[in-house]
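Contents: one structure, followed by commentary.
The values are calculated or read from the model by the stated rules, or taken from the named source; none is laboratory data. None of the values given here were measured: they were computed from a predicted structure. Here the Cβ positions follow ideal geometry from the backbone for every residue, glycine too, while neighbour counts run over all protein chains shown.
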Amino acid sequence: MTRVRVPPFDWWRTVFFLIPAIAVYTIVLGTVSLVSAIYDRRGYFAHGCARLWSWLILATTGVAVHVEGLYELSPGETYIFVSNHQSIYDIPILFCSLPFQLRIIAKKSLAKFPFLGWHLSRTGHLLVDRRHPNPTGILKRWSNLVAQGLSLIIFPEGTRSMDGRVRRFKAGSFLLAMQVGLPIVPISIAHSRHVMQKGRLRTCPGHVDLVVHPPIQTAMDREPTIADARRLAEGVRQIVRSVAEARQGQAPRAAQDVAQAAGDD
């Protein structure tokens, strides 16, 4: 007799509670951000909607984020934030944790998604056709965002890690960063893959560590080459990897804080 396998509680919670809740957040805040884009072409108000959307997703899922190193950054500066990528939750984690006007570089196909894609297209995010990239056009649009004082988030691995290991960083975005002369800020994210793994329709409450490393200056007194970009990419990868992979086998700092607070009581 074949036994029927009942999905775990987190699957039911994801399908019948979290997905409908996140859909409501996306529709409501996506609509508000689209309306605001008529009056605020810079997308500043829309970014506030994105941060609220991120906070709601993390709070509803039960994700606590422990942030370290924000003191390394200067308020009002423009940065290129370079992060490892473990989970689809990395985007709300970054948006909620970094107090900057942020825009992402993402694949152009995301523009087809209702509300989310419309928000990305109308509020200054950089959507790139990965099959037919246009480096000159990307650099021009990137420079326009920088001129507006907007910081960018990139995931140079190109995909999410299944096991927490940090894969090779692609050099293209680093070359663009060097051409515009913006500082790069390495970001290490640990434990987010346990919240929602790639290819799994299930989310779990959890604790995530986000570590902000000191900015790295990219300005050069000559035109940067692809070899320069590859060296920079590998150097940044080693910084990100040193924390992201080391903490995979450790308890998240947020969980340690909770345990310590409980002990103090």
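Determine, yes or no, whether Trp118 is at pLDDT below 85, outside any loop (DSSP other than H, G, I, E, B), buried (at least 22 other Cβ atoms within 10 Å of the Cβ) and not small (Gly, Ala, Ser).
On the way: at pLDDT below 85: yes; outside any loop (DSSP other than H, G, I, E, B): yes; buried (at least 22 other Cβ atoms within 10 Å of the Cβ): no; not small (Gly, Ala, Ser): yes.
So Trp118 does not fit the description; no.
Does Arg42 qualify as being more than 17 Å from Leu210 (Cβ to Cβ), in contact (Cβ under 8 Å) with a residue 24 or more places away in the chain, surrounded by fewer than 22 Cβ atoms within 10 Å (Cβ to Cβ) and of a type outside the set (Phe, Trp, Tyr)? Reasoning before the result, please.
Working: more than 17 Å from Leu210 (Cβ to Cβ): yes; in contact (Cβ under 8 Å) with a residue 24 or more places away in the chain: yes; surrounded by fewer than 22 Cβ atoms within 10 Å (Cβ to Cβ): yes; of a type outside the set (Phe, Trp, Tyr): yes.
Considered against the rule, which asks whether it is more than 17 Å from Leu210 (Cβ to Cβ), in contact (Cβ under 8 Å) with a residue 24 or more places away in the chain, surrounded by fewer than 22 Cβ atoms within 10 Å (Cβ to Cβ) and of a type outside the set (Phe, Trp, Tyr), Arg42 comes out as yes.
Can you tell me which residue is nearest to Pro92 (Cα to Cα) among those in segment 32-69 that are of a type in the set (A, V, I, L, M) and modelled with pLDDT under 95?
Within segment 32-69, the first condition is being of a type in the set (A, V, I, L, M), and the residues that meet it are 32, 34-35, 37-38, 46, 50, 52, 56-59, 63-65, 67.
Within this subset, residues satisfying the condition of being modelled with pLDDT under 95 are 32, 34-35, 37-38, 46, 50.
Working: Val32: 18, Leu34: 19, Val35: 21, Ala37: 21, Ile38: 24, Ala46: 14, Ala50: 8 Å.
Ranking the candidates gives Ala50 first.
Could you give every pair whose Cβ atoms fall below 7 Å, whose first residue belongs to segment 233-250 and is over 16 Å from Gln86 (Cα atoms), and whose second residue is assigned to a helix (DSSP H, G or I), counting only separations of at least 6 or pairs across chains?
Ala233/Phe174
If Ser33 meets every condition in (1) over 18 Å from the mean Cα position of the chain (by Cα); (2) of a type in the set (S, T, N, Q); (3) closer than 25 Å to Ala233 by Cβ apart from one, which number is that one?
(3)
Could you tell me which of the residues Ser161, Ser97 is closer than 22 Å to Arg200 by Cβ and of a type outside the set (Phe, Trp, Tyr)?
On the way: Ser97 fails: closer than 22 Å to Arg200 by Cβ.
Only one candidate qualifies: Ser161.
Please indicate, with yes or no, whether at least one residue in segment 84-100 is over 16 Å from Gln148 (Cβ atoms), in contact with a Ser or Thr (Cβ under 6 Å, 6 or more places away or on another chain) and of a type in the set (D, E, K, R).
Yes, segment 84-100 contains at least one residue that is over 16 Å from Gln148 (Cβ atoms), in contact with a Ser or Thr (Cβ under 6 Å, 6 or more places away or on another chain) and of a type in the set (D, E, K, R).
Tell me the residue from Phe113, Phe100, Phe95 that is loosely packed, with under 15 Cβ neighbours inside 10 Å, without any contact (Cβ under 8 Å) to a residue 60 or more places away in the chain and aromatic (Phe, Trp, Tyr), please. If you could, list the steps in order and put the result at the bottom.
Values: Phe100 fails: loosely packed, with under 15 Cβ neighbours inside 10 Å; Phe95 fails: loosely packed, with under 15 Cβ neighbours inside 10 Å.
The match here is Phe113.
Assuming Pro156 fulfils every condition listed in (1) touching a strand residue (DSSP E or B) at 6+ places or on another chain (Cβ under 7 Å); (2) surrounded by fewer than 20 Cβ atoms within 10 Å (Cβ to Cβ) apart from one, which condition is it?
Here Pro156 clears every test but (2).
Could you check how many residues of segment 128-139 are within 21 Å of Val82 (Cβ to Cβ) and either in contact with a Phe, Trp or Tyr (Cβ under 8 Å, 6 or more places away or on another chain) or modelled with pLDDT under 75 (or both)? Walk me through it before giving the result.
Looking only at segment 128-139, we keep the residues that are within 21 Å of Val82 (Cβ to Cβ), and these are 128, 130, 133, 135, 138-139.
Those still in the list that are either in contact with a Phe, Trp or Tyr (Cβ under 8 Å, 6 or more places away or on another chain) or modelled with pLDDT under 75 (or both) too: 130, 133, 135, 138-139.
Residues in segment 128-139 being within 21 Å of Val82 (Cβ to Cβ) and either in contact with a Phe, Trp or Tyr (Cβ under 8 Å, 6 or more places away or on another chain) or modelled with pLDDT under 75 (or both): 5 in total.
Name the helices (runs of 4 or more DSSP H) wholly within segment 152-265 that hold at least 2 residues that are more than 30 Å from Trp12 (Cα to Cα) and either of a type in the set (Phe, Trp, Tyr) or at pLDDT below 90 (or both)? Break it down into steps so the answer makes sense when it comes.
Values: elements: 172-180, 226-244, 253-264.
Where helices (runs of 4 or more DSSP H) fall fully within segment 152-265 and carry at least 2 residues being more than 30 Å from Trp12 (Cα to Cα) and either of a type in the set (Phe, Trp, Tyr) or at pLDDT below 90 (or both), they are 172-180, 253-264.
List the pairs whose first member sits in segment 59-72 and is surrounded by 14 or more Cβ atoms within 10 Å (Cβ to Cβ), whose second member is part of a helix (DSSP H, G or I) and not aromatic (Phe, Trp, Tyr), and whose Cβ atoms are under 6 Å apart, counting only residues at least 6 apart or on separate chains?
Thr60/Ala21; Ala64/Ala254; Val65/Ile93; Val65/Ser97; His66/Arg253; His66/Ala254; Val67/Ser97
With respect to Leu175, is the statement that it is crowded, with 17+ Cβ neighbours inside 10 Å and free of Cβ contacts under 8 Å to residues at least 60 places away in the same chain true?
On the way: crowded, with 17+ Cβ neighbours inside 10 Å: yes; free of Cβ contacts under 8 Å to residues at least 60 places away in the same chain: yes.
Considered against the rule, which asks whether it is crowded, with 17+ Cβ neighbours inside 10 Å and free of Cβ contacts under 8 Å to residues at least 60 places away in the same chain, Leu175 comes out as yes.
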